[in-house]
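J.: For reference, the structure I am asking about is given below.
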Amino acid sequence: MSALPPGPFAQLATLLGRVEPGKQPISLAIGDPQGKVPEFIKEALAREAASFGTYPAITGTEDWREAAAGWLNSRFELGGAIEAEKHVLPLAGTREGLFSVLLPLIPLAKQTAKPIVAMPNPFYQCYAAGALAAGAEPLYVPATGASGFLPDYASLPQNVLERIAAVYICSPSNPEGAVASETYWKNLFALAEQYDFIVLADECYADIYFDSRPMSALHARLKQSGGFSQLLTFHSLSKRSGLPGLRSGLVAGCPTLIEKFRAFRNVAGPTVPKPILAASAAALRDEAHVGANRAAYAEKLAAAENILGNRMRRPKGGFFLWLKTQNGEKTALRLWQEQGVRVLPGAYMGREITPGKTQSNPGFSYIRVALVSDLSTIMTALERVVEILD
């Protein structure tokens, strides 16, 4: 834990400390989807409530596996390539899977040295935690405007690439809302084949997009190689269905990697209860509520563009704004102190590229704004934000 980067929200709490908000507080700091739970989810939970009395299998129920495989094949146009019994596992929330997946998959050494797990910078905290827990060295690869807000892993030196055992890639990305193209995916997989590493694709925001559907890692890999070798992809009902409290996600991809992860999970025991699996299967089979969620986010984005204008860059997916300022930390403090708006300094999600030089942190000049509250609250908060940005 001593090697783990400080948590962004712990840093935010320290920054704001006992500072009183200048106006009625509004938080746009945390990406916590808010909305009504669909009735069919409640009904599925109630219908299967009695199965809380039995142990669930680590592989989930047959019904869940079929629903997960069916959704993946349909949503990502895989032509039935995902098989329910070979390619999927349920997760007790996607973050749990993103953290623990490295434990059974990372070798003790690569090229006779400590293996490297590369990740975007800025990054999701559990990536670094997973790498450290697995005994690997986390490598923070800048994801800036110069690289399309995605990490350029091919630019790393050969001696570094030879030590990489796995890379994380988030698309649509948190916090920037960038989307990996088919070319990006194919080049990354070619690099993975050349240097023998695993691609861990965090695609939790894949169903929150605005102009066109993001290219999926599964589709790109299948088209490139005819299978899913060296790939595991992660999806979340917290984001897709707006059900963060369900704690339900899935991992899919290479059957060899899935089997190793399954064997580990069978010992560790992060099983998903059967009523949760039933509700998850129902959610995966329904697209109406997903479309409604996406439409609501599109309405919020349109309102943000109307209020912020050229002060913002339009994200391609996800529900965050990555707003550029002169100093994200100072801007966040002023927003709270003068306007009562809580946002996350971008630097709290990143690491300095040059130790000791705070401005080398790719998030230094940014704040992250979450568009997860109701439309009226978001509009009020953004109107306050404009006063500080100007």
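J.: Go through segment 1-35 and report how many residues are surrounded by 13 or more Cβ atoms within 10 Å (Cβ to Cβ), over 30 Å from L139 (Cβ atoms) and among the hydrophobic types (A, V, I, L, M, F, W, C).
T.: The number of residues fulfilling the criteria is 3.
J.: Let me ask something else. State which residue is farthest from P275 (Cα to Cα) when the search covers only segment 60-101 and only residues that are buried (at least 19 other Cβ atoms within 10 Å of the Cβ) and hydroxyl-bearing (S, T, Y).
T.: S100
J.: With the checklist (1) under 19 Å from G177 (Cα atoms); (2) open to solvent by 70 Å² or more (accessible area, probe 1.4 Å); (3) without any contact (Cβ under 8 Å) to a residue 40 or more places away in the chain in hand, flag the one item K357 doesn't pass.
T.: (1)
J.: Among the residues of segment 326-349, write down those that are outside any helix (DSSP H, G or I) and open to solvent by less than 20 Å² (accessible area, probe 1.4 Å).
T.: The answer is G340, V341, V343, L344, P345.
J.: Still on this structure: Only one of Y127, Y153, Y168, Y140 is open to solvent by 10 Å² or more (accessible area, probe 1.4 Å) and at pLDDT 95 or above; which? First the steps, then the outcome.
T.: Working: Y127 fails: open to solvent by 10 Å² or more (accessible area, probe 1.4 Å); Y153 fails: open to solvent by 10 Å² or more (accessible area, probe 1.4 Å); Y168 fails: open to solvent by 10 Å² or more (accessible area, probe 1.4 Å).
So the residue among Y127, Y153, Y168, Y140 that is open to solvent by 10 Å² or more (accessible area, probe 1.4 Å) and at pLDDT 95 or above is Y140.
J.: If you don't mind, another one. Of the residues I367, I388, only one is of a type in the set (A, V, I, L, M, F, W, C), surrounded by fewer than 24 Cβ atoms within 10 Å (Cβ to Cβ) and either within 15 Å of T325 (Cα to Cα) or touching a residue at least 12 places away in the same chain (Cβ under 8 Å) (or both); which?
T.: I388
J.: So is P104 touching a strand residue (DSSP E or B) at 6+ places or on another chain (Cβ under 7 Å), modelled with pLDDT of 95 or more and open to solvent by 10 Å² or more (accessible area, probe 1.4 Å) or not?
T.: no
J.: Turning to a different aspect of this structure: Only one of E383, E352 is modelled with pLDDT of 95 or more, out of contact with any Leu (no Cβ under 9 Å at 6 or more places or on another chain) and surrounded by fewer than 22 Cβ atoms within 10 Å (Cβ to Cβ); which?
T.: E383
J.: Shifting gears a bit: Using the structure shown, decide if I378 is touching a helix residue (DSSP H, G or I) at 6+ places or on another chain (Cβ under 8 Å) and assigned to a helix (DSSP H, G or I).
T.: yes
The values are calculated or read from the model by the stated rules, or taken from the named source; none is laboratory data. What you see is a predicted model; the values in this text were computed from it and never measured. Every residue, glycine as well, gets a Cβ built from its backbone with ideal geometry; the counts of neighbours run over all protein chains shown. These area figures cover heavy atoms from the full protein model, side chains too; ligands, DNA and RNA do not enter into them. Shrake-Rupley method; radii C 1.70, N 1.55, O 1.52, S 1.80 Å.
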